[in-house]
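Report on the following structure.
The values are calculated or read from the model by the stated rules, or taken from the named source; none is laboratory data. None of the values given here were measured: they were computed from a predicted structure. In this analysis, Cβ positions are derived from the backbone assuming ideal geometry, glycine residues included, and neighbour counts consider all displayed protein chains.
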Amino acid sequence: MSTLSAAVSAAASALNAERTRIEAAVSNIANAESTRGPDGTTYRRRDVVLGADSGTSFESALGRATATGVKVVAVLEDQEAPRMRFEPQHPDADEEGYVAMPNVDPAQETVDMLSAARAYQANLTAIGLLRDLLQRSLELGRG
């Protein structure tokens, strides 16, 4: 695999990983007030674990520059106990009047989503720069 196409593949793998991070943050925010999921239990915050993807790794012909792609290793559910909120009128309240709420902090999720969006944009920029580099190289070859 040429180094340019491998570099694009590495950036593209990051786009997929960051999209997954954004989707997890959106899901967490959307369910911040959900008291019950499809299985009847309280929603649990989801966290994306990223790791190196050796399938998109490359080394330049000079042996100096290397790049490795990224992949989603797992999407884990937070195992912290749910937050308990006193709402005796709520249909999901226990006998003491407390409702188990998801352990989601909307402010933290917003920060995570912005971080993933910026990383996504940075990888789009990298792909654009590689495209421009290839285009200029072709123009030099013609002239």
Exercise. Can you tell me which residues in region 43-52 are in contact (Cβ under 8 Å) with a residue 40 or more places away in the chain and surrounded by 19 or more Cβ atoms within 10 Å (Cβ to Cβ)?
Worked result: Y43, R45
Problem set entry | Contacts under 9 angstrom Cβ, first residue in region 31-42 being among the small types (G, A, S), partner outside any loop (DSSP other than H, G, I, E, B), 6 or more apart | A32/M101; A32/P106; A32/E109; S34/M101
Problem set entry | Breaking point among (1) at pLDDT below 90; (2) assigned to a loop (DSSP other than H, G, I, E, B); (3) of a type in the set (G, A, S), for S34 | (1)
Seminar exercise, completed: Restricted to region 79-99 and to residues being touching a strand residue (DSSP E or B) at 6+ places or on another chain (Cβ under 6 Å) and assigned to a loop (DSSP other than H, G, I, E, B), the residue farthest from A25 (Cα to Cα) is G97
Exercise. (1) exposed (fewer than 14 other Cβ atoms within 10 Å of the Cβ); (2) under 30 Å from S5 (Cβ atoms); (3) modelled with pLDDT under 95: which one isn't true of R118, the others all being true?
Worked result: (3)
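Residue by residue, here is whether (1) in contact with a helix residue (DSSP H, G or I) (Cβ under 8 Å, 6 or more places away or on another chain); (2) exposed (fewer than 13 other Cβ atoms within 10 Å of the Cβ) holds:
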residue: Q89; (1), (2): no, yes
residue: D92; (1), (2): no, no
residue: M113; (1), (2): yes, no
residue: R142; (1), (2): no, yes
For this session: May I ask you to say which residue of T125, T110 is in contact (Cβ under 8 Å) with a residue 60 or more places away in the chain, out of contact with any Phe, Trp or Tyr (no Cβ under 9 Å at 6 or more places or on another chain) and in a helix (DSSP H, G or I)?
Result: T110
Exercise. Which of the following residues is of a type outside the set (A, V, I, L, M) and at pLDDT 95 or above: D112, D94?
Worked result: D112
Seminar exercise, completed: P102 passes all but one of the listed conditions (1) more than 21 Å from I29 (Cα to Cα); (2) in contact (Cβ under 8 Å) with a residue 40 or more places away in the chain; the exception is number (1)
